[in-house]
Amino acid sequence: MNLTVTDLSCARGSTQVLADVSFTVAAGEALILRGPNGAGKTTLLRTLAGLTPPLAGRVDCPPDAIAYAGHADGLKAQLTVQENLEFWAGVFASGTITRAVDAFDLEGLLDRRAGDMSAGQKRRLSLARLLVTGRPIWCLDEPTVSLDTENVQRFAAAVERHLDGGGSAVIATHIDLGLPAARSLDVSPFIAKRLRADDPFAQGLDDPFAEGVEP
Amino acid sequence: MIALLKRDLALAIRAGGGFGLSLAFFLIFTTLVPFGVGPATGILGTISPGILWLGALLACLLSLDRIFQLDWEDGTLDLVATSPVPMEGLAAMKALTHWITTGLPLVAVAPALGMLLNLPGPAYPWLIASLALGTPALSAIGTFGAALTVGIKRGGLLLSLLVLPLYVPTLIFGALAVSRGAEGLDATTPLALLAGITLGTLAVLPFAAAAALRVNLR
Amino acid sequence: MPKTATMSSLWEYANPRKFMATSAWLLPWVTAITVICLVVGLVWGFFFTPNDFRQGSTVKIIYVHVPAAIMAINAWLMMLVTSLIWVIRRHHVSALAAKAAAPVGMIFTLIALFTGAVWGQPMWGTWWEWDPRLTSFLILFLFYLGYMALWEAVENPDSAADLTSVLCLVGSVFAIISRYALLFWNQGLHQGATLSLDAEENIADVFWYPLVISLAGFGFLFLTLVLYRTRTEIRARRLKALIAQERMAA
């Protein structure tokens, strides 16, 4: 279950943000994406997840292998923990939620409405959702936002268990998770902020009145 | 996909889900009509087929911008897009949910409101049949409009502007079936045309809605 | 693949630069033809045709009304074709041409509606009649409004082009259904009394020639305006790209 990225360029809207990104994440491995705000980590993760089409390059991984978790956690405040998890189990056609409930110690919270939980508990729930998808490659965007140190450790432990079980992860984060099997990738060298190459209005930009020139 | 349907139905009936608002709107709209046109039962009876259809249509319109907006804001749409559920399936399920929570109740209460407006007796079967056949089209067209405008802040007004012209054929055939029924005529032809429009929209528009969703998620 | 010089592809004009160069060369000629056709057609029609024995001089509004109405529909057809080209081949100029044509088509629709009302008042004794033909133009007007509003509302220009194309395709199907629904609707409610005038068949030669010329005039007017507006849209996109690049360099 390798995730291989080859010469990937990705764009947000009409702007290219990253160019020629290449890396491989093997089973049991985690890749921590680092870089300043606005560098393009979110765009890279969305491209990996297939939400945004890549400008150039390839993302090679088995089909339906990536579980994506963005800033928004996709939880419904009106539904209980159990209902939230069972919904995602149904959408991903992955069967039971017991493994996720056990792994994240949600047993006592099953009947709690998601809207009544603390931020840390919600994070646990959204991480449990990743397990429910049953997918091996996690693409996580700032997963530790709004978590205290204790919950960050709990999160790190959960990721480690996932890696030990043969999964892998690509995580964009600013803090040190202390994962032994983690490599870091600084995206700064790949930053290539320019207008996307397939935008015909970006050509000949040095000459704003190029239309007056005979071709 | 059944999970989507189950969850959306559960959300609709929980607190804040907005279930019943469309019904209340339909009731209020119908109640206001006599204040506008006067209490003469003759006039009310003549215009009641159109009024009832118009009320049902506007009641459907009210809840359209909720179809995708909440899922868009909390990230659910992104996650569903990465799941095995195809976008077409999502759009179809959303349209079905909207119909069950909005269109179906409207069909159920329409006869009662018809009595308020002095709808002639022979029209009732046609009213129920035309609303039952026509409201799925309203939901499918509305889902398409909601998919077009999901990424737009304050898209509600724009949504109405886009969807209302598309509602014209459904409204024409629906109201015509009822008013023909009210005159004691056979209304099978407009009803069949209405059913044709509904089947056509159900077959085609989930694909258009899915295309619009993919563009908006990019 | 090498391109032969003789077989230059039509798709080359989808390149903004090529389009700008060609349209710059084309515009003076098209503008001149427009002016000539409109002046000849309208002056001939207004001043050198006899009054209709039944309708009097009011019949002369036909030289504005019919061409505007025909172009209002053709503008939508052109938007449909250019939208399809954008969806299938992703040519940016095509999408911008569709965007540029919408306000022009909307104004033609408005002209057709307005002149129709002015004509209808003395003929039918009413400014407005819920005749299927009139009503379908009113609905066409609403389609134009929605299409333009969607272009304005979406920020990313490529997304806007995609979404408006989908709307244009779906809207076209619904416009056709509405047209037939309206025929059904009005015949169902009240019979006869439609005074629609079928220009091609009912009209004598003496009215026909100036009509054809002003029809050509309106067609070229549409072409001129769309070329101008497409050029403006291309410049606007170029400006946007320049600003974006400057912001990124800073």
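Within segment B:20-27, can one find any residue that is surrounded by fewer than 16 Cβ atoms within 10 Å (Cβ to Cβ) and either at pLDDT 90 or above or of a type in the set (Asp, Glu) (or both)? Even if it seems obvious, please write down each step before you answer.
Taking segment B:20-27 and keeping what is surrounded by fewer than 16 Cβ atoms within 10 Å (Cβ to Cβ), we get B:20-21, B:24.
With the extra rule that they be either at pLDDT 90 or above or of a type in the set (Asp, Glu) (or both), the set shrinks to B:24.
Yes, the conditions are met somewhere in segment B:20-27.
Please go through segment B:111-121 and pick out each residue that is without any contact (Cβ under 8 Å) to a residue 60 or more places away in the chain and either in a helix (DSSP H, G or I) or touching a Cys at 6+ places or on another chain (Cβ under 9 Å) (or both). Reasoning before the result, please.
At the first step, the residues of segment B:111-121 found to be without any contact (Cβ under 8 Å) to a residue 60 or more places away in the chain are B:111-112, B:115, B:121.
The answer is B:Pro111, B:Ala112, B:Met115.
Pick from C:Ala14, C:Ala32, C:Ala75: which is modelled with pLDDT of 90 or more and touching a helix residue (DSSP H, G or I) at 6+ places or on another chain (Cβ under 6 Å)? Full working, then the answer.
On the way: C:Ala14 fails: modelled with pLDDT of 90 or more; C:Ala32 fails: touching a helix residue (DSSP H, G or I) at 6+ places or on another chain (Cβ under 6 Å).
It is C:Ala75.
Condition check ((1) in a helix (DSSP H, G or I); (2) among the hydroxyl-bearing types (Ser, Thr, Tyr); (3) surrounded by 13 or more Cβ atoms within 10 Å (Cβ to Cβ)) across all residues:
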site: A:Pro143; (1), (2), (3): no, no, yes
site: A:Ser146; (1), (2), (3): no, yes, no
site: A:Phe155; (1), (2), (3): yes, no, yes
site: A:Val170; (1), (2), (3): no, no, yes
site: A:Pro180; (1), (2), (3): no, no, no
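Residues A:Val101, A:Val132, A:Val21: which one is more than 14 Å from chain B (Cβ to nearest Cβ), part of a helix (DSSP H, G or I) and among the β-branched types (Val, Ile, Thr)? Give the steps one after another, and end with the answer.
On the way: A:Val132 fails: more than 14 Å from chain B (Cβ to nearest Cβ); A:Val21 fails: part of a helix (DSSP H, G or I).
Residue meeting the stated conditions: A:Val101.
Which of the residues spanning segment A:31-63 are touching a Gly at 6+ places or on another chain (Cβ under 9 Å), more than 9 Å from every other protein chain (Cβ to nearest Cβ) and under 26 Å from A:Ile97 (Cα atoms)?
A:Leu45
Could you say whether any residue in segment B:194-216 is over 18 Å from B:Ser48 (Cα atoms), touching a Pro at 6+ places or on another chain (Cβ under 6 Å) and not aliphatic (A, V, I, L, M)?
So far as segment B:194-216 goes, yes, one or more of its residues are over 18 Å from B:Ser48 (Cα atoms), touching a Pro at 6+ places or on another chain (Cβ under 6 Å) and not aliphatic (A, V, I, L, M).
Could you list, in sequence order, the residues of segment B:52-83 that are within 14 Å of chain A (Cβ to nearest Cβ), in a helix (DSSP H, G or I) and either surrounded by fewer than 22 Cβ atoms within 10 Å (Cβ to Cβ) or free of Cβ contacts under 8 Å to residues at least 24 places away in the same chain (or both)?
Filtering segment B:52-83 for residues within 14 Å of chain A (Cβ to nearest Cβ) gives B:66, B:68-83.
Okay, now just the ones that are also in a helix (DSSP H, G or I), so B:66, B:68-73, B:76-81.
Passing the criteria: B:Arg66, B:Gln69, B:Leu70, B:Asp71, B:Trp72, B:Glu73, B:Thr76, B:Asp78, B:Leu79, B:Ala81.
Residues to consider are A:Phe104, A:Phe87; find the one that is over 21 Å from B:Glu73 (Cβ atoms) and within 22 Å of the chain's Cα centre (by Cα). Step through it out loud before you land on a result.
Values: A:Phe87 fails: over 21 Å from B:Glu73 (Cβ atoms).
Among A:Phe104, A:Phe87, only A:Phe104 is over 21 Å from B:Glu73 (Cβ atoms) and within 22 Å of the chain's Cα centre (by Cα).
Look at A:Ala67 and say whether it is among the small types (Gly, Ala, Ser), within 24 Å of B:Val215 (Cα to Cα) and at pLDDT 80 or above. Show your work before the answer.
Details: among the small types (Gly, Ala, Ser): yes; within 24 Å of B:Val215 (Cα to Cα): yes; at pLDDT 80 or above: yes.
In short, yes.
Answer yes or no: is there a residue in segment B:10-23 that is under 30 Å from B:Leu185 (Cα atoms), more than 14 Å from chain A (Cβ to nearest Cβ) and in a helix (DSSP H, G or I).
There is at least one residue in segment B:10-23 that is under 30 Å from B:Leu185 (Cα atoms), more than 14 Å from chain A (Cβ to nearest Cβ) and in a helix (DSSP H, G or I).
Taking B:Leu193, is it touching a helix residue (DSSP H, G or I) at 6+ places or on another chain (Cβ under 6 Å) and more than 20 Å from B:Gly114 (Cα to Cα)?
Working: touching a helix residue (DSSP H, G or I) at 6+ places or on another chain (Cβ under 6 Å): yes; more than 20 Å from B:Gly114 (Cα to Cα): yes.
It is true that B:Leu193 is touching a helix residue (DSSP H, G or I) at 6+ places or on another chain (Cβ under 6 Å) and more than 20 Å from B:Gly114 (Cα to Cα).
What is the number of the single condition among (1) in contact (Cβ under 8 Å) with a residue 12 or more places away in the chain; (2) surrounded by 16 or more Cβ atoms within 10 Å (Cβ to Cβ); (3) over 27 Å from C:Ser172 (Cα atoms) that C:Ala21 does not meet?
Among (1) in contact (Cβ under 8 Å) with a residue 12 or more places away in the chain; (2) surrounded by 16 or more Cβ atoms within 10 Å (Cβ to Cβ); (3) over 27 Å from C:Ser172 (Cα atoms), the lone unmet condition for C:Ala21 is (1).
Please determine whether any residue of segment C:118-128 is within 16 Å of the chain's Cα centre (by Cα) and either hydrophobic (A, V, I, L, M, F, W, C) or modelled with pLDDT under 90 (or both).
Step one: filter segment C:118-128 for residues within 16 Å of the chain's Cα centre (by Cα), giving none.
Looking for residues that are within 16 Å of the chain's Cα centre (by Cα) and either hydrophobic (A, V, I, L, M, F, W, C) or modelled with pLDDT under 90 (or both), one finds none in segment C:118-128, hence no.
Can you tell me which residue among A:Ser22, A:Ser14 is among the hydroxyl-bearing types (Ser, Thr, Tyr), more than 15 Å from the chain's Cα centre (by Cα) and either under 24 Å from C:Asn156 (Cα atoms) or surrounded by 21 or more Cβ atoms within 10 Å (Cβ to Cβ) (or both)?
Values: A:Ser22 fails: either under 24 Å from C:Asn156 (Cα atoms) or surrounded by 21 or more Cβ atoms within 10 Å (Cβ to Cβ) (or both).
Being among the hydroxyl-bearing types (Ser, Thr, Tyr), more than 15 Å from the chain's Cα centre (by Cα) and either under 24 Å from C:Asn156 (Cα atoms) or surrounded by 21 or more Cβ atoms within 10 Å (Cβ to Cβ) (or both) holds for just one of A:Ser22, A:Ser14, which is A:Ser14.
So for segment C:151-170 (the condition being more than 10 Å from chain B (Cβ to nearest Cβ), touching a residue at least 40 places away in the same chain (Cβ under 8 Å), aromatic (Phe, Trp, Tyr) and farther than 20 Å from C:Ala72 by Cβ), does at least one residue qualify? If you could, list the steps in order and put the result at the bottom.
Step one: of segment C:151-170, the residues more than 10 Å from chain B (Cβ to nearest Cβ) are C:151, C:157, C:168.
Narrowing further to those that are touching a residue at least 40 places away in the same chain (Cβ under 8 Å): C:151, C:157, C:168.
Checking which are aromatic (Phe, Trp, Tyr) leaves us with C:151.
Restricting the remaining residues to those that are farther than 20 Å from C:Ala72 by Cβ gives none.
No: segment C:151-170 contains no residue that is more than 10 Å from chain B (Cβ to nearest Cβ), touching a residue at least 40 places away in the same chain (Cβ under 8 Å), aromatic (Phe, Trp, Tyr) and farther than 20 Å from C:Ala72 by Cβ.
Can you tell me which residues in segment C:123-146 are assigned to a helix (DSSP H, G or I), aromatic (Phe, Trp, Tyr) and in contact (Cβ under 8 Å) with a residue 40 or more places away in the chain? Show your work before the answer.
First, pick out the residues of segment C:123-146 that are assigned to a helix (DSSP H, G or I): C:123-124, C:132-146.
Now restrict to residues that are aromatic (Phe, Trp, Tyr): C:124, C:137, C:141, C:143-144.
Within segment C:123-146, C:Trp124, C:Phe137, C:Phe143, C:Tyr144 meet the criteria.
So, in segment A:98-141, exactly how many residues are among the polar types (S, T, N, Q), crowded, with 21+ Cβ neighbours inside 10 Å and either free of Cβ contacts under 8 Å to residues at least 60 places away in the same chain or farther than 30 Å from A:Pro63 by Cα (or both)? Write out each step before concluding.
Our first condition is that a residue be among the polar types (S, T, N, Q); within segment A:98-141, this holds for A:98, A:118, A:121, A:126, A:133.
Those left that are additionally crowded, with 21+ Cβ neighbours inside 10 Å: A:126, A:133.
The next check asks that each one be either free of Cβ contacts under 8 Å to residues at least 60 places away in the same chain or farther than 30 Å from A:Pro63 by Cα (or both); those that pass are A:126.
So the count comes out to 1.
Does A:Ile66 qualify as being facing another protein chain (nearest Cβ under 9 Å), within 17 Å of the chain's Cα centre (by Cα) and closer than 18 Å to A:Glu29 by Cβ? Spell out the reasoning first.
Numbers: facing another protein chain (nearest Cβ under 9 Å): yes; within 17 Å of the chain's Cα centre (by Cα): yes; closer than 18 Å to A:Glu29 by Cβ: yes.
It is true that A:Ile66 is facing another protein chain (nearest Cβ under 9 Å), within 17 Å of the chain's Cα centre (by Cα) and closer than 18 Å to A:Glu29 by Cβ.
Please tell me if B:Pro49 is assigned to a helix (DSSP H, G or I), over 19 Å from B:Gly103 (Cβ atoms) and not hydroxyl-bearing (Ser, Thr, Tyr).
Numbers: assigned to a helix (DSSP H, G or I): yes; over 19 Å from B:Gly103 (Cβ atoms): no; not hydroxyl-bearing (Ser, Thr, Tyr): yes.
Against the criterion (assigned to a helix (DSSP H, G or I), over 19 Å from B:Gly103 (Cβ atoms) and not hydroxyl-bearing (Ser, Thr, Tyr)), B:Pro49 does not qualify.
The values are calculated or read from the model by the stated rules, or taken from the named source; none is laboratory data. Everything numeric here is computed off the predicted structure, so don't read it as measured data. Neighbour counts run over all protein chains shown; Cβ positions are idealised from the backbone, glycine included.
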